[in-house]
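**Student:** This is the structure, below, for whatever I ask next.
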Amino acid sequence: MLLLCLTASVLPAWAQEASRELDGRSPWALLAQALLSLAVVVGVIYLMYFGLRRLTDRGLGADAAGPLRVLQARHLGGDHWLYVVEVEGRRMVVGATSTGMALIAELEPSGATGGGREDEV
């Protein structure tokens, strides 16, 4: 008991005031308040993540109505990117760096069967 009294007298004034405020509150109420605060913070982070993701998808042309659409993008490391784009029905693989872009390959239409390769086996 003496140790408790000595500890209380050594505490700074702000800590003594805070402990008096908590005297009337249940530990369960404090736990509920902490969990609610945590849920709000996690919810805000979740909304920010998916909001930014949606904005970057639009930036890549996911919702574009024009003749150019970016179908897929892959980060290869550093400043190297690989894109699959569609321009007026033609699909192409394009490589990009900070210094420029280059056409790597033009893909066959998605409905193609392989151009008679079954006979070559």
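**Student:** Filtering segment 11-57 down to residues that are charged (D, E, K, R) and within 30 Å of Arg90 (Cβ to Cβ), which residue is modelled with the lowest pLDDT?
**Tutor:** For segment 11-57, the residue satisfying everything is Asp57.
**Student:** On to the next question. I'm trying to understand the selection: among the residues of segment 73-93, which are closer than 22 Å to Arg53 by Cα and among the β-branched types (Val, Ile, Thr)?
**Tutor:** Across segment 73-93, the qualifying residues are Val84, Val85.
**Student:** Restricting attention to segment 73-121, which residues are polar (S, T, N, Q), surrounded by 10 or more Cβ atoms within 10 Å (Cβ to Cβ) and modelled with pLDDT under 90?
**Tutor:** Within segment 73-121, none qualify.
**Student:** Let me spell it out: the conditions are (1) farther than 16 Å from Pro109 by Cα; (2) touching a Phe, Trp or Tyr at 6+ places or on another chain (Cβ under 9 Å); (3) at pLDDT 90 or above, and Leu60 meets all of them except one. Which number is the exception?
**Tutor:** Among (1) farther than 16 Å from Pro109 by Cα; (2) touching a Phe, Trp or Tyr at 6+ places or on another chain (Cβ under 9 Å); (3) at pLDDT 90 or above, Leu60 violates only (3).
The values are calculated or read from the model by the stated rules, or taken from the named source; none is laboratory data. Since this is a predicted model, take the numbers as computed values, not measurements. So basically every Cβ, Gly included, is an ideal-geometry build from the backbone, and we count neighbours across all protein chains shown.
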